[in-house]
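Asker: Okay, here's the structure, questions in a sec.
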Amino acid sequence: MSQSETVIEIRNLSKVYRDFWGRPKVRALNALSLDIKKGEVFGLLGPNGSGKTTTLKLLLGLLFPTEGEVKVLGKSAADVSKNERIGYLPEESYLYRFLNAYETLDFYGRLFDMTAAQRKERSEKLLDLVKLAPQSRRRQLKEYSKGMQRRIGVAQALINDPDLVMLDEPTSGLDPLGNRDMKDLILDLKAQGKTVLMCSHLLADVQDVCDRIAILYGGELKVMGRVDELLTAQDKTQIRSSKLSDAALKEVQEVLKRHDADFTVDQPTASLEDLFLKTVQESRERPGHRNVTDRQSVT
């Protein structure tokens, strides 16, 4: 596959949940359109009830859209054969409590018709990758902490060596060290050419690993674009210098007052948390307002 290939293509996607009598109850998504390219890490953000989980379930074919079109890895989202190339970590991993780490990965490997040798080799590699301590691998999962269960959840999501990895709150329950390990793993998946779609409420994590993000509110796309571009403060200029004395600083200020000089400068960036909160606040105050800078991904 070429580097520019579109892995996920969503066009005018809407999802309406209906009540027992078939009457519209909740519009979870409204005319969502976006593309996700091969080899990028894409962050899907939004407050609770914004449509993130619904979007993931539509991509997996667990739900059917009310309107619109969804293609994943070149196939319709309703085509379950495409799921053989997808790794999915749900927000709450549903693992068998009485299995140990090896038995868990062996079970999931059997679902993909892997041979016993392949399952054993892959399991050892993944347990090392998620840094689960060797002394813990033979213990039943019911004895695991939430962070350890999260590591196993990530390992099972990668058992089939997927092309597309979908992670829902991947750092949930992890301590700071485990959090850093998870972010390094996501960047390693990107380096391997895999595509990662992640949802997270930990905005600093998203800022560290994502190439592009989309922020949803009320089922609508409000902001989409590259993280570095969205967080750049366009109305401010920043000049950086090291070991600048007070005298030198004063002299520079005087020069800037007298001359229209040409400087090498960059613009300061806000935090992703600031952008997120600002987007939610503006969405509440101005329901129809959108700020999608990534126009090439929306047609």
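Asker: Among the residues of region 163-192, which ones are under 14 Å from Ile36 (Cβ atoms) and touching a Lys or Arg at 6+ places or on another chain (Cβ under 7 Å)?
Answerer: Scanning region 163-192 gives Asp163, Leu164, Val165.
Here is a yes/no grid of residues against (1) among the hydrophobic types (A, V, I, L, M, F, W, C); (2) on the phi < 0 side of the Ramachandran plot:
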{"residue": "Glu121", "(1), (2)": "no, yes"}
{"residue": "Ile152", "(1), (2)": "yes, yes"}
{"residue": "Asp161", "(1), (2)": "no, no"}
{"residue": "Pro170", "(1), (2)": "no, yes"}
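Asker: Answer with yes or no whether Ala101 is over 28 Å from Gly39 (Cα atoms) and surrounded by fewer than 20 Cβ atoms within 10 Å (Cβ to Cβ).
Answerer: Values: over 28 Å from Gly39 (Cα atoms): yes; surrounded by fewer than 20 Cβ atoms within 10 Å (Cβ to Cβ): no.
Spelling it out, it is not the case that Ala101 is over 28 Å from Gly39 (Cα atoms) and surrounded by fewer than 20 Cβ atoms within 10 Å (Cβ to Cβ).
Asker: Could you list, in sequence order, all residues of region 8-29 that are over 14 Å from Ala77 (Cα atoms) and among the aliphatic types (A, V, I, L, M)?
Answerer: Val16, Val26, Ala28, Leu29
Residue-wise test of (1) surrounded by fewer than 18 Cβ atoms within 10 Å (Cβ to Cβ); (2) over 10 Å from the mean Cα position of the chain (by Cα).
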residue: Val165; (1), (2): no, no
residue: Ser172; (1), (2): no, yes
residue: Leu189; (1), (2): no, yes
residue: Gln192; (1), (2): yes, yes
residue: Asp208; (1), (2): yes, yes
residue: Ala214; (1), (2): no, no
residue: Lys222; (1), (2): no, yes
residue: Arg226; (1), (2): yes, yes
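Asker: Shifting gears a bit: Got at least one residue in region 114-126 being within 12 Å of the chain's Cα centre (by Cα), surrounded by 14 or more Cβ atoms within 10 Å (Cβ to Cβ) and farther than 17 Å from Tyr88 by Cα? First the steps, then the outcome.
Answerer: Step one: list which residues in region 114-126 are within 12 Å of the chain's Cα centre (by Cα), which gives none.
Looking for residues that are within 12 Å of the chain's Cα centre (by Cα), surrounded by 14 or more Cβ atoms within 10 Å (Cβ to Cβ) and farther than 17 Å from Tyr88 by Cα, one finds none in region 114-126, hence no.
Asker: Okay, next question. Kindly establish whether Val255 is over 30 Å from Ala133 (Cβ atoms), at pLDDT 75 or above and touching a Cys at 6+ places or on another chain (Cβ under 8 Å).
Answerer: no
Asker: Right, here's the next one. Residue check: is Lys75 touching a helix residue (DSSP H, G or I) at 6+ places or on another chain (Cβ under 7 Å) and basic (Lys, Arg)?
Answerer: Working: touching a helix residue (DSSP H, G or I) at 6+ places or on another chain (Cβ under 7 Å): yes; basic (Lys, Arg): yes.
Against the criterion (touching a helix residue (DSSP H, G or I) at 6+ places or on another chain (Cβ under 7 Å) and basic (Lys, Arg)), Lys75 qualifies.
Asker: Suppose we filter region 127-138 for residues that are assigned to a loop (DSSP other than H, G, I, E, B) and surrounded by 13 or more Cβ atoms within 10 Å (Cβ to Cβ); how many remain? I'd like the intermediate steps shown before the answer.
Answerer: First, pick out the residues of region 127-138 that are assigned to a loop (DSSP other than H, G, I, E, B): 130-133, 137-138.
In the following step, the residues that additionally are surrounded by 13 or more Cβ atoms within 10 Å (Cβ to Cβ) were identified as 130-132, 137.
Residues meeting the conditions: 4.
The values are calculated or read from the model by the stated rules, or taken from the named source; none is laboratory data. Just so you know, these numbers come straight off a predicted model, no measurement behind them. Note: ideal-geometry Cβ built from the backbone for every residue, glycine included; neighbour counts use all protein chains shown.
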